[in-house]
Every structure is written in C-alpha cells, then in structure tokens.
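Trainee: Questions regarding the structure given below will be posed in turn.
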Amino acid sequence: TTEPLVLGIESSCDETGVAFVRGNTLLTDAVASSVDLHARFGGVVPEVASRAHLEAMIPMMSRAAAEAGHALSDVDAVAVTSGPGLAGALMVGVAAAKAVAWALDKPLYGVNHLAAHVCADVLDHGPLPSPTVALLVSGGHTDLLLVNDIATDITALGRTIDDAAGEAFDKVARVLGLPYPGGPEIDRLAVDGSPTAIAFPRGLTARKDLERHRYDFSFSGLKTAVVRYVQEQQRDGAQLNLPDIAASFSEAVADVLTRKAIDACQEYGIRNLQIGGGVTANRWLRAMAEERCAAAGIELRVPRIRLCTDNGAMVAALGSQIVQRGLPPSALDLGTDSSLPV
Ligand code: KG4
Ligand code: ZN
C-alpha cells in the first residue's frame with residue numbers, strides 16, 4: 001500500500017506555501033512571497049500579508065497540484081499551520097485548509113509552525129534521530145528546542161527575550177542603510193570584513209544571566225551596540241567600514257547561537273543538532289556550526305535553504321508524521337493561535 005498523500009498549507013507570515021508530501025518524500029512545493037510588498041515598510045505589515053495570502057492561496061494550490069501531477073481530490077489528509085504567527089495571516093491558511101478538508105471529507109491537522117520548521121529536515125535527511133536539539137532562527141523566531149518526537153514531544157529550552165535573530169539582522173542592516181530584508185545584505189558584506197574588528201556584546205552569556213537564561217537569547221543590546229558604534233564613527237567623521245561591522249556583528253550572533261545550542265547538546269548528552277529557519281542561510285552561522293559541531297562530536301543536520309525558509313513542505317512533512325503515528329485529527333472548528341507553544 002502506498003503512504004497517504006498529505007497536502008500542507010503555510011501562511012503564518014509573508015510566505016504562502018502549498019506542498020504535497022507522500023511519506024517522507026516531497027512531491028512539490030509552491031511558494032509565493034509578499035516580501036517585496038513589505039520592503040518599503042522595513043518589516044512585515046500584517047494586513048498586507050493577509051491580503052497577499054488571500055490572493056495567492058488558490059493559485060498556489062493549483063500550481064502545487066499541477067506540478068505534483070495530482071488532483072486536489074487525491075489528497076488523503078490536509079495539514080495547516082495554526083500557530084504561532086500573524087493572526088490574520090494564519091486565518092487565511094486555516095480557512096483554506098478547512099474548506100479543502102470539508103469538501104473532500106478528509107482529516108484536517110492543525111500543526112505548530114516551529115515543529116514544522118524542524119520537520120522540514122525529514123524531507124532531506126529522513127527521520128530525525130531521537131533525541132535531537134533543534135535551533136530555529138528566522139525573522140520571527142529564535143528558539144532552542146529539545147525534540148524527543150517531532151509529532152508528540154518537543155520541549156522549549158529557550159528563546160529570544162527580545163528580537164529574533166533575523167530581526168536583528170534586518171534592524172542592523174537598516175542602520176547601515178541597506179535594503180530590507182537585510183540579512184542577505186549583511187551576509188554578503190561580511191565576506192570581506194574582519195570578525196574581530198569590533199568587539200560587539202554577546203547577549204545573555206554573562207554568568208549572572210546564565211542562571212535565569214541558560215538557553216535564552218537577546219539581540220537588542222547587540223543592535224544598540226551597533227547603533228552606538230555607527231554614531232560614534234560618524235561623529236568622529238570616520239568612514240564606516242561596512243564589511244567589518246557586518247562581519248563583527250555576524251560573528252557575535254553566530255557565536256551565541258552555536259555556543260548555546262552546543263551547550264544544550266552537551267548538557268543533555270545529545271549528539272544531534274538540527275538548524276532551520278531563514279537565518280540558516282547565513283554563511284557565518286553555517287561555518288561556525290559546522291566547525292563547532294565537528295569539534296564537539298555532534299552530528300549537524302541543516303536542510304537545503306529552500307526548506308529553511310517558510311514553506312508548505314515542512315507543514316505537509318509534519319502532517320505526514322502525525323498521520324503515520326495515527327494521531328487524532330483536528331476538529332473543523334479549529335482556530336488559530338498567534339502564540340501557540342510547541
Ligand atoms: O524563515 P524566514 O524566511 O521568514 C520568517 O521570518 O519566518 O526568515 C527571514 C529572515 C529575515 O530576517 C532575513 O533577513 C533573514 O532571515 N536572513 C538572513 C539571511 N538570509 C535571510 N540573515 C542572515 N544571513 C542571511 N544570509
Ligand atoms: Zn517560519
């Protein structure tokens with residue numbers, strides 16, 4: 001017997017994602033992004049994102065179905081992100097998923113966006129080893145998770161207490177006069193800079209902070225330090241060395257992220273680290289994670305970049321895991337939860 005065909009729908013932020021997954025195999029993945037509409041605002045505007053989802057949802061469904069060589073009526077189950085995320089944006093995806101599930105009389109599964117990010121890795125590397133420590137770094141999230149079972153047992157070890165890592169990249173880029181989203185811009189500049197040129201702070205790594213915030217992150221102090229540095233340079237009439245600032249900032253972010261993730265692996269005796277989310281595209285972070293994991297004897301899993309950013313594939317992948325475990329579906333009065341915990 002063939003495994004069930006799962007439709008996955010994602011709309012928690014600015015990407016409208018629709019995908020088909022069978023078992024652990026990705027058949028097709030259609031994504032429309034409204035990022036360009038938000039660029040002039042310097043960040044995602046919720047209302048604009050919701051409208052864009054409304055317009056893109058059916059086109060993405062028909063594109064995904066056509067590319068998969070399936071009719072929508074072939075699906076055996078529908079999975080959708082029900083939180084966390086932007087309330088209005090989530091509603092568009094959940095409403096669409098319910099319509100399909102109800103019309104086809106197929107089970108509906110509301111899934112957690114953070115767990116779905118981790119689950120994306122299954123599509124590239126097969127089942128996650130248990131347990132795994134997962135680091136999720138995006139424009140909206142920075143979470144360190146202890147994953148015993150992707151569908152039923154995830155514990156949050158820590159999270160950002162202010163800005164998400166990607167948000168920090170975007171805000172610092174803005175200070176440097178770079179376009180939104182600034183992460184890729186800073187990443188490019190950093191290639192020609194020195195990571196030790198400027199000593200930027202590492203949030204929540206002092207001994208007193210570690211007592212209460214062992215696995216939490218903070219990036220707002222780092223952002224402020226960059227702002228202050230830029231102001232001082234400008235006051236002194238100095239030419240800003242953008243590559244050095246970019247490299248030193250990237251180093252500070254990657255240092256804290258990888259250090260805490262590896263500390264968690266060591267404290268819990270776990271030899272597997274999975275990294276996901278849009279910031280995973282960052283060269284500095286990937287290089288440092290590879291180097292430090294190798295030194296610590298930890299196996300690092302990072303899916304291809306396309307699966308790190310928001311997409312429907314990760315949602316379908318998690319739906320597929322839930323179906324494989326025979327867990328109960330969601331009711332058709334499923335709601336959304338902007339701050340859904342893992
Ligand atoms: O996962 P994602 O596509 O969307 C969500 O936030 O859910 O992540 C987007 C974030 C943005 O903040 C962007 O600046 C950042 O990821 N980003 C990067 C890089 N590519 C994207 N940050 C640093 N270096 C990069 N190469
Ligand atoms: Zn995301």
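Trainee: Roughly what percent of Cα-Cα pairs across the range 63-168 reach past 15 Å?
Mentor: More than 15 Å apart: 71 percent of the Cα pairs in the range 63-168.
Trainee: Report, ordered by chain and residue number, the lysines lying within cross-link reach of residue 260, taken as a straight Cα distance under 24 Å and ignoring same-chain residues fewer than 8 apart.
Mentor: 171, 208, 223
Trainee: Follow-up. Which FRET efficiency, nearest 0.05, do residue 39 and residue 305 yield, Cβ-Cβ r, R0 25 Å?
Mentor: E(calc), rounded to 0.05, equals 0.80.
Trainee: Return the inverse of the average 1/r over all pairs of distinct C-alpha atoms in the range 144-222, which is the Kirkwood hydrodynamic radius, in Å to one decimal.
Mentor: Details: mean 1/r = 0.0684 Å⁻¹.
With all distinct Cα pairs of the range 144-222 included, I get 14.6 Å.
Trainee: Of the options 238, 64, 262, report the single residue whose Cα projects farthest towards the positive end of the charge dipole of the chain (beta-carbon charges: Lys, Arg +1; Asp, Glu -1).
Mentor: 238
Trainee: In addition: So for the chain, taking the charge dipole from beta-carbon charges (+1 Lys/Arg, -1 Asp/Glu), which of 160, 13, 182 sits furthest toward the positive end?
Mentor: Checked the options; the winner is 160.
Trainee: I would also like to ask the following. Using unit Cβ charges (K, R positive; D, E negative) and no other charged atoms, how large, in debye to the nearest 20, is the dipole of the range 261-342 about its Cα centre?
Mentor: The calculation lands at about 340 debye.
Trainee: Here is a follow-up. Among all stretches of the chain without exposed trypsin sites (Lys or Arg not before Pro) (DSSP loop, at most 11 other Cβ atoms within 10 Å), which one is longest?
Mentor: Segment 1-303 is the longest.
Trainee: Can you tell me the relative contact order of the chain? Whole percent, Cα pairs under 8 Å, sequence separation 6 or more.
Mentor: Computed over the chain, the figure is 26 percent.
Trainee: Another question, if that's okay. Once the piece of chain linking residue 188 and residue 174 is laid out straight, how much longer is it, given 0.36 nm per residue of separation minus the C-alpha distance between them? Please list the in-between numbers first.
Mentor: Details: separation 14, 0.36 × 14 = 5.04 nm, distance 1.49 nm.
Result for the pair: 3.5 nm of gain on full extension.
Trainee: Could you work out the helix-only [θ] at 222 nm for the chain, with each DSSP H run of four or more residues adding -39,500 (n - 2.57) and the total divided by the number of residues, to the nearest 500 deg cm²/dmol?
Mentor: Value at 222 nm, helices only, nearest 500: -14500 deg cm²/dmol.
Trainee: How many nm is it between the label spots at residue 161 and residue 149, if each spot is 7 Å from the Cα in line with the beta carbon?
Mentor: For residue 161 paired with residue 149, the spin-label model returns 3.4 nm.
Trainee: Let me check against my output: what whole-number percent is the relative contact order of the range 213-342, with C-alpha pairs under 8 Å and at least 6 apart? Kindly include the intermediate steps, with their values, before the conclusion.
Mentor: Details: 80 pairs, mean separation 25.6, N = 130.
Averaging sequence separation for qualifying contacts and normalising by length gives 20 percent for the range 213-342.
Trainee: Just tell me which lysines come within less than 26 Å, Cα to Cα, of residue 106; anything on the same chain fewer than 8 places away is out.
Mentor: 98
Trainee: Then there is this: Quick check on the exposure proxy: order 250, 330 from fewest to most C-beta atoms within 10 angstrom.
Mentor: 330, 250
Trainee: Turning to a different aspect of this structure: How large is the charge dipole for the range 128-303, taken about the Cα centre, if only the Cβ atoms of Lys, Arg (+1) and Asp, Glu (-1) carry charge, to the nearest 20 debye?
Mentor: My answer is approximately 200 debye.
Trainee: Here is a follow-up. Just to be sure I understand the model, the point goes 7 Å from the Cα along the line to the Cβ. What's the resulting residue 2 to residue 295 distance in nm?
Mentor: About 4.9 nm separates the two model spin labels.
Trainee: Near residue 91, within a Cβ-to-Cβ distance under 14 Å, what is the net charge of the other residues, with Lys and Arg +1 and Asp and Glu -1?
Mentor: Net of charged neighbours comes to -2.
Trainee: Dipole size in debye (nearest 20) for the chain around its Cα centre, Lys and Arg Cβ +1, Asp and Glu Cβ -1?
Mentor: Value, rounded to 20: 440 debye.
Trainee: So what's the Cα pair-distance distribution over the chain, bin width 20 Å, in %?
Mentor: 32, 55, 12, 0
Computed from the coordinates by the stated procedures, all read-outs in this text should not be read as laboratory data. Being a predicted model, the structure only gives us computed values, none of them experimental. Note that we place each Cβ from the backbone using ideal geometry, even for glycine, and neighbour counts take in every protein chain shown.
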